[in-house]
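Enquirer: Dropping the structure in here first, questions after.
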C-alpha cells in the first residue's frame, strides 16, 4: 500500500486480524504448523508425531509487525540466553519470521527497511523456510507468510529485489470530498469516546466479512480457469512489457481469488480487468524514470481482443477493486491491499500531495550501499565480537561471551549451569552499507549560461537518482541567485519528489556565491547530524565569479571565506567550472581554497555532469 501520509494505511493492515478466518494449528507448536500438512511441519512437530497423534487447536492468523528498531536477531531468531545460562544447553529462540508463519508479516515504511533485513526477507520469501546459522546454532523452520508493506512515495523507492516480490499494489489517497472527511472525523471521535462500543457496533460487519472469506477459500479449488483466459493473461503481460512471469501468475491467482470471493463459477474478462490495475501498478516501470503508467484503455483493448467485447465492461460495486489510477479513483483510500503469499513489491507513481510539508519525523535511518561502515548502534550484520567496555554493553555477542566463560567453569561456584562474569562479556561489532548525500550548489544568476547550468544540474540530479534507487543515496539542490540562496530540493531519494520540485528552476539576478556555499554547508551538516555514517558531497557548479557577499560584505572575499570553511569541514567537495577556457579561472581559485577537486567539463550537459560526480563518489 503506497500513498500520502495520514491515510490510515497502517490501520487498514492491522484491521485484517479481525476478519481473517481461523486456522487449524498444532497445539503447542512454536511455528503454528498445520496438522493436515505433514510436508511443512517443523522438526519439533515431526519428533512429536513419532510419539503419537498431534493435538489440534484453532486460532486466527496474526498480523506480525516488523518494528522500526528491529534487529536481524529479532527477525530470524537467536540463542535463548536464559536457557543457556540455567541449563548449559543451546536452544533456539524464534524470531518474527517464526511468528509470521501462516500469518501476515507487516512492514511499515517498507521502502526505508535496512538492506540486511531486506536480504533476510528475500531469502525466507524465496525458500519458504528460515535458515538460522549463528552463535553456534543451526536451525531451520518453515516461514511462509503474506508480506504486506506500506510506504509514502515521497520518502524514496523500494529496493528492486524486494519490489519484485510483492504480488499486488494499491494506491491510497486522502479523501477530498468534505462529506466523507466529516464521516471520518465522526467515526474517529466515536472510537476515541468509547472504543468498546465502537467495536461492538461493527462486529457484525466484521463477522460477515470473515464468513465470506471462509466460504471463498472453500470455493477456490472449484473455480474454472479456461485456456482462453490463460491465453489472454499471457498476451496481456507480454504486450505490457513486464519482466519475468510473476505478473502472469499473480493475475491468474488474483482473478481466481476475486471470482471465489464473489461466488462465481468461472473466471471471466471482468475479473481480469478488475485485478489488472493492482498487478501492473508497480511493474510497468523498470527504472525510476520509466514513466509508463497503467493505461486502463490499453488493458481493456487487450482484453477485448482476447475475449471479444461482450463481457469486458466491469460492474461497479462496493466490493470491486479500483480500476482507476490514483489521480482519478475517489475510493482508493477505502481499499485494503493484501499482498499474496508470494511476497512482495512496490513502486512509485506521482502522488498529488502537498510535498512542501516536512516529511514524517519518525522513520528508519536510511542505510546505503556505497561502502561498508562499522555501525554505531545495534543495526547491521554481525561481523565479529570484541570484549565489551565496562558499562557500555547493549548488544551482547552470546557466542563469544559463552566461549570466553567456558574454560573457567570448573573454578567458578554458582547455581547456574554456566557462570558468566563481567569480564567474559563480549559485544557485537556490526557492519552496514552507508550511502552518500550529494548536494549540488548551482549558480542560477543572470550570468551567461545560467539556464544551461540549471538544466544540466536538473538532468544530472535525476540521472543520479538512478544510483540512489539502487544504493540509497540522497541528492539535493541549492540554487544561488539575486541576493540569497534557496534550497530547491532537500536531500532525497524520492524520484517523485525530485521531479515535482525540479519542474521549474528560476534564473536571473546577481551572483551570491557565498550564500550558496553557506546554505549547502548547512544542509550537509544537518544530514551528517541525522546520520553520521553518511558520505557528504558538495558539488559546486559555477564560473567562480561572485558579486554579492553576506550582510553587505564583498562577494569574492566572502566566497573565499566560505570555501575555507568547506576545507575545514569533513565534506568531500568538487568544483565544476562552467566559465570560459581562456585566462585565469575564478572557479579554480575557489576549488583551491575549499580543498576541492577542480573539474572543467568540455561541455555542460546533464549526462557529463552526472558522470563526473558518479565517478568520484563511486571511486571512494
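The values are calculated or read from the model by the stated rules, or taken from the named source; none is laboratory data. None of these values were measured; they are calculated from a predicted model. Counting neighbours? That spans all protein chains shown, and the Cβs are built from the backbone with ideal geometry, glycine included.
Enquirer: The conditions are (1) within 20 Å of residue 268 (Cβ to Cβ); (2) not assigned by TED's automatic domain parsing to the domain that holds residue 125, and residue 205 fails exactly one of them. Which is it?
Expert: (1)
Enquirer: Is it true that some residue in the stretch 55-63 is touching a residue at least 12 places away in the same chain (Cβ under 8 Å), within 26 Å of residue 428 (Cα to Cα), part of a strand (DSSP E or B) and touching a helix residue (DSSP H, G or I) at 6+ places or on another chain (Cβ under 6 Å)?
Expert: Filtering the stretch 55-63 for residues touching a residue at least 12 places away in the same chain (Cβ under 8 Å) gives 55-63.
In the following step, the residues that additionally are within 26 Å of residue 428 (Cα to Cα) were identified as none.
No: zero hits.
Enquirer: I'd like to know if the stretch 456-473 contains one or more residues that are modelled with pLDDT of 80 or more, surrounded by fewer than 21 Cβ atoms within 10 Å (Cβ to Cβ) and either closer than 21 Å to residue 596 by Cα or touching a helix residue (DSSP H, G or I) at 6+ places or on another chain (Cβ under 7 Å) (or both).
Expert: Yes, the stretch 456-473 contains at least one residue that is modelled with pLDDT of 80 or more, surrounded by fewer than 21 Cβ atoms within 10 Å (Cβ to Cβ) and either closer than 21 Å to residue 596 by Cα or touching a helix residue (DSSP H, G or I) at 6+ places or on another chain (Cβ under 7 Å) (or both).
Enquirer: Further question: Only one of (1) outside any loop (DSSP other than H, G, I, E, B); (2) under 19 Å from residue 486 (Cβ atoms); (3) touching a residue at least 40 places away in the same chain (Cβ under 8 Å) fails for residue 507. Which number is that?
Expert: Every listed condition holds for residue 507 apart from (1).
Enquirer: For the stretch 2-19, state whether one or more residues are part of a loop (DSSP other than H, G, I, E, B), at positive phi and not assigned by TED's automatic domain parsing to the domain that holds residue 206.
Expert: The answer is yes; a qualifying residue exists.
This table checks each residue for (1) in the same structural domain as residue 303 (by TED's automatic domain parsing); (2) more than 21 Å from residue 280 (Cα to Cα); (3) more than 29 Å from the chain's Cα centre (by Cα); (4) at pLDDT 95 or above.
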site	(1), (2), (3), (4)
218	yes, yes, yes, no
227	yes, yes, yes, no
239	yes, no, no, no
244	yes, no, no, no
269	yes, no, yes, no
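Enquirer: Here is a list: 171, 164. Which entry is within 25 Å of residue 152 (Cα to Cα) and in contact with a strand residue (DSSP E or B) (Cβ under 7 Å, 6 or more places away or on another chain)? Steps first, answer last, please.
Expert: Details: 164 fails: in contact with a strand residue (DSSP E or B) (Cβ under 7 Å, 6 or more places away or on another chain).
The conditions single out 171.
Enquirer: Of everything in the stretch 123-142 that's out of contact with any helix residue (DSSP H, G or I) (no Cβ under 6 Å at 6 or more places or on another chain) and part of a helix (DSSP H, G or I), which residue is modelled with the highest pLDDT?
Expert: Restricting to residues being out of contact with any helix residue (DSSP H, G or I) (no Cβ under 6 Å at 6 or more places or on another chain) and part of a helix (DSSP H, G or I), the top hit is 127.
Enquirer: Looking at (1) surrounded by fewer than 12 Cβ atoms within 10 Å (Cβ to Cβ); (2) on the phi < 0 side of the Ramachandran plot, find the lone condition where residue 60 falls short.
Expert: (1)
Table: residues versus (1) at pLDDT 85 or above; (2) part of a strand (DSSP E or B); (3) surrounded by fewer than 20 Cβ atoms within 10 Å (Cβ to Cβ).
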position: 573; (1), (2), (3): yes, yes, no
position: 582; (1), (2), (3): no, no, yes
position: 588; (1), (2), (3): yes, no, yes
position: 593; (1), (2), (3): yes, no, yes
position: 598; (1), (2), (3): yes, yes, yes
position: 604; (1), (2), (3): no, no, yes
position: 607; (1), (2), (3): no, no, yes
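Enquirer: Quick test for you: out of 519, 530, pick the one residue that is under 19 Å from residue 438 (Cα atoms), at pLDDT 90 or above and out of contact with any helix residue (DSSP H, G or I) (no Cβ under 9 Å at 6 or more places or on another chain). Full working, then the answer.
Expert: Values: 530 fails: at pLDDT 90 or above.
When all the criteria are applied, what remains is 519.
Enquirer: For the stretch 216-238, name all the residues that are over 21 Å from residue 165 (Cα atoms), in contact (Cβ under 8 Å) with a residue 40 or more places away in the chain and out of contact with any strand residue (DSSP E or B) (no Cβ under 9 Å at 6 or more places or on another chain).
Expert: Going residue by residue through the stretch 216-238, those that are over 21 Å from residue 165 (Cα atoms) are 216-232, 235.
Subset that is in contact (Cβ under 8 Å) with a residue 40 or more places away in the chain: 216-217, 219-220, 222-226, 228-229, 231-232, 235.
Correct list: 216, 217, 219, 220, 222, 228, 231, 232, 235.
Enquirer: Condition first: surrounded by fewer than 20 Cβ atoms within 10 Å (Cβ to Cβ) and in a helix (DSSP H, G or I). Can you find one or more residues in the stretch 532-549 that meet it?
Expert: no
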